[in-house]
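Inspection log for the structure reproduced underneath, given as structure tokens.
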Amino acid sequence: MSQQAGYSPSFKRPADIMRMRRKRSLSDAGQGSTSSPGQSDSFPVAAAAGVRPFSPGPLFSSQPRSGRKRRNPFANIENTYSPQKKCLVYDDEAADTSYKMKTWTDKEGHEAMSTETRGGLTLTARLTEAEHQGHVSSKKRLFSGDDSLFEEEEEEEVKAPLLKSPQAIAPASISPPVCSEYPADWSLKTRVLFTSPLTLSWAEHPKAQEEAAGLSQHCRAHFLSLPHSLQDPRVCSELRCAFQQSLVYWQHPSLSWISLFPRINADRNFTGKSTPWAQDRALQQSLMTEWSVSLSSLYSLLKARLCPYFYLCSYQLTVLFRAAGLGGSSSITAFISPTTRGLREAMKAEGIEFSLPLVEKRSKEQHKLNKETEFCELKGGEDSPAADEEEDGDDEDGSFSWLKEMGVEDKIKKPDSISIQLRKEGQTVCVDHRPESLVCVDGSHTFTLINFLMSCKSLVAAAGSQAGLPPTLLAPCAFRGATMQTLKARSVNVKSQVGSTFHDISSLEITGPILPSSLHAITTLLRPAQKGNFSAALYTHTPTAVMNSDSPTATMNTHTPTATVNTHTPTLQQSPVGSVDLSGCGLHPAALQQLQQTSGLGKTALTHINMNNYSYTWKN
């Protein structure tokens, strides 16, 4: 294909063509108007038309010789234009003396340049790419009148902000928070299922020496410190000893052929089992005497802050005693759930002062709602059904003035005082056997409660499979008449389907009465053993779920987790009762610090715990 006059293979825009023309004219002026050997007058039409003709460029050597090698004519020509790349560059290393440069504009609107020489050296300005220069001393931009059509576009390109990657702009504040602890859960667990992508087989089949060391460490309240991460938990003897230590709890009474936890709705556990005390009054009296001694021993240890807490599990209720300094309370507290109106009346008769935290909380909320309703009524001037119901309630409570006004006061039979009292207590009676029937006793009244429980006839079943059997006492430390027991642990490797593939998952199932401190000790050991990645499904003994409610004497406020997955760090603040010395209670310092905080779970309990990259999340 023949080349036409004025044809250029660069396909440049008009402004770019004019810029290349100015570059060539400046180069010719710097060389004393010496024409390049490669440029001839063979393109008069193109020169007249004002279009830069095609030229292969100058030779590498000015000496004419055969076999000449021409340079690439497109070496310095770009198909895309960027105003930030075209710069006037001065090379200070090219000369030994200083120089000056001036710029002016000719009559035709084109910029020209002149150079001053000093010491016999002449420096020529070269237009090149700044990104290819190793040493740049100064830069100056060239603009002409021919670029006026594209000034606005170029300015927009210069002012456009540069986008950075998320890693470059992400501050440290938006990094995911690390939650190193989950809320204290005072409910009893019947079963916990741990799962992890790493094997959990190290928790099974301990050696005799490891089991003996774990039991000894529990009795001496000696705790080992483990590294942040373990390479192979199966060969770590300290980890296996500490795991055996975390499974220990103390129980009274203890019968090897019958499981004495749970006791509520557990008649099927006694079906077909031998119960020699059922018809033997002397044996029942002996069991109750030993049980009373054990209960007195537990309360003495609790009062001396040598036992942090203990549970009393009967066939119809569960009682939790906590030492002073735990749960944000400055005194000994006791929670009873569920209760009945008969039990509460019997406690009142014995002079035991107590409160119903959940009922009082609901009453406060209802009172606040009524205040808001009254305010709206006063503002709007309209009667509401709530006000009518309140007035009806006042009439039912004994306001019979309207009968006197009608003159029929003597002819209408009025309700007696007992009926009026039952109406007033209707709200309290309706919570029997429900979570709202939780009773809280604190301070010196807990000692009276201990004596009341020892003599309470309804605490022991009079008939049925549990007849004559005293309640079960559970504690994390030894007490008089107690038997050392261990939780049962079993590890299984299974395959879990994730999408269309199956992944190996290791599981660890723990069954038995799992105390709050035992759960914390196990999760503390799984943190380094599983490299901060595991999850747990918790199965709660239902009557004890409400024991996470705050006692009236709790003096510490904490963040209440919601029922969804929580990824934030709980604001566990130190309580003013932190000065209570509980170092001799036999718990791990980390578990003790957790139990000293108020739970904030309300009448709910934890159902799932998940640790991912050493950070906790949970569901309740």
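Quick check on my filter: what residues within the stretch 290-330 are closer than 21 Å to Phe479 by Cα, under 34 Å from the mean Cα position of the chain (by Cα) and open to solvent by 10 Å² or more (accessible area, probe 1.4 Å)? If the condition is that a residue be closer than 21 Å to Phe479 by Cα, under 34 Å from the mean Cα position of the chain (by Cα) and open to solvent by 10 Å² or more (accessible area, probe 1.4 Å), then Arg305, Leu306, Ala324 are the ones that fit. Test Leu301 against the stated conditions and say whether it is hydrophobic (A, V, I, L, M, F, W, C), out of contact with any strand residue (DSSP E or B) (no Cβ under 7 Å at 6 or more places or on another chain), closer than 15 Å to Arg480 by Cβ and modelled with pLDDT of 95 or more. Spelling it out, Leu301 is indeed hydrophobic (A, V, I, L, M, F, W, C), out of contact with any strand residue (DSSP E or B) (no Cβ under 7 Å at 6 or more places or on another chain), closer than 15 Å to Arg480 by Cβ and modelled with pLDDT of 95 or more. Kindly indicate whether any position in the stretch 474-488 is more than 14 Å from Trp250 (Cβ to Cβ) and over 23 Å from the mean Cα position of the chain (by Cα). Yes.
Within the stretch 291-326, the residues that satisfy the criterion of being more than 24 Å from Ser583 (Cα to Cα) and among the aromatic types (Phe, Trp, Tyr) are Trp291, Tyr315.
Cβ-Cβ contacts under 7 Å between residues 6 or more apart (or on different chains), taken from a first residue in the stretch 195-211 that is buried (at least 18 other Cβ atoms within 10 Å of the Cβ) to a second residue that is in a loop (DSSP other than H, G, I, E, B), are listed as Ser196/Gln530. Return a yes/no flag: does the stretch 587-600 have any residue that is at pLDDT 70 or above, surrounded by 21 or more Cβ atoms within 10 Å (Cβ to Cβ) and farther than 29 Å from Cys219 by Cα. Scanning the stretch 587-600 turns up at least one residue that is at pLDDT 70 or above, surrounded by 21 or more Cβ atoms within 10 Å (Cβ to Cβ) and farther than 29 Å from Cys219 by Cα.
Where strands (runs of 3 or more DSSP E) fall entirely within the stretch 421-538, those with at least 3 residues that are under 22 Å from Ser259 (Cβ atoms), open to solvent by less than 20 Å² (accessible area, probe 1.4 Å) and in contact with a strand residue (DSSP E or B) (Cβ under 6 Å, 6 or more places away or on another chain) are at 472-475, 501-514.
Counting only residues that are hydroxyl-bearing (Ser, Thr, Tyr) and outside any helix (DSSP H, G or I), which one in the stretch 213-257 is least open to solvent (accessible area, probe 1.4 Å)? Result: Tyr249.
Could you check, for the stretch 504-523, whether at least one of its residues is at positive phi and touching a Phe, Trp or Tyr at 6+ places or on another chain (Cβ under 7 Å)? No: the stretch 504-523 contains no residue that is at positive phi and touching a Phe, Trp or Tyr at 6+ places or on another chain (Cβ under 7 Å). For the stretch 506-551, the set of residues classified as of a type in the set (Val, Ile, Thr) and modelled with pLDDT under 90 is empty.
The values are calculated or read from the model by the stated rules, or taken from the named source; none is laboratory data. All of these numbers come straight from a predicted model, not from anything done at the bench. Reconstructed Cβ throughout: ideal geometry from the backbone, glycine too, with neighbour counts over all protein chains shown. Heads up: the accessible areas ignore ligands, DNA and RNA and are worked out on the full protein's heavy atoms, side chains in. Shrake-Rupley method; radii C 1.70, N 1.55, O 1.52, S 1.80 Å.
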